[in-house]
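The values are calculated or read from the model by the stated rules, or taken from the named source; none is laboratory data. Predicted model only: the values in this text are computed from it and were never measured. Cβ: placed from backbone, ideal geometry, glycine included. Neighbour counts: every protein chain shown. For accessibility, only protein heavy atoms count, side chains too; no ligands or nucleic acids. Shrake-Rupley method; radii C 1.70, N 1.55, O 1.52, S 1.80 Å.
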Amino acid sequence: MFDTGADLFYNNVLKLSTASSGVNIVGTTTTGQLAVTGVSTFTGNIDANGDLDVDGHTNLDNVNIVGVTTFSSNVNLLDNNQLRIGTGADLRLY
């Protein structure tokens, strides 16, 4: 048994490597589908051009939404929070 990883090259460019922590893919996948199970950590930007379906609790620091937003349930504001409407916060709901 060897304790070293394996590397896969195409035109002398590293495309895939294995390590004790798993598999590293360099570049993009061309299959059109990638299924990931478990916790995934991204260190760069994520570009999601299609729908994003998130089940469970999602903690987002800042969210900018362009277009129509539909809520199928209540919008809950905690104490001392405001819903500000208009470019100058012309209308505020507490």
Q) For the chain, what % of the accessible area comes from carbon and sulfur atoms, probe 1.4 Å? A) 50
Q. Going by average Cβ neighbours within 10 Å, how do the peptides 19-25, 48-54 rank, with the highest at the top?
A. 19-25, 48-54
Q) Of Thr37, His57, Leu83, which is farthest along the charge dipole of the chain in the positive direction, counting Lys and Arg as +1 and Asp and Glu as -1 at C-beta? A) Leu83
Q) Check Leu16: other-chain or 5+ apart residues with amide H under 5 Å from its amide H, H built from backbone geometry? A) Leu8, Val26
**Q.** Rounded to the nearest 20 debye, dipole of the chain from Cβ charges on Lys, Arg, Asp, Glu
**A.** 160
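How large is the accessible surface per residue of the chain, computed with a 1.4 Å probe and reported in Å² as a whole number?
Values: 9850 Å² over 94 residues.
With the other protein chains kept in place, the chain gives 105 Å² per residue.
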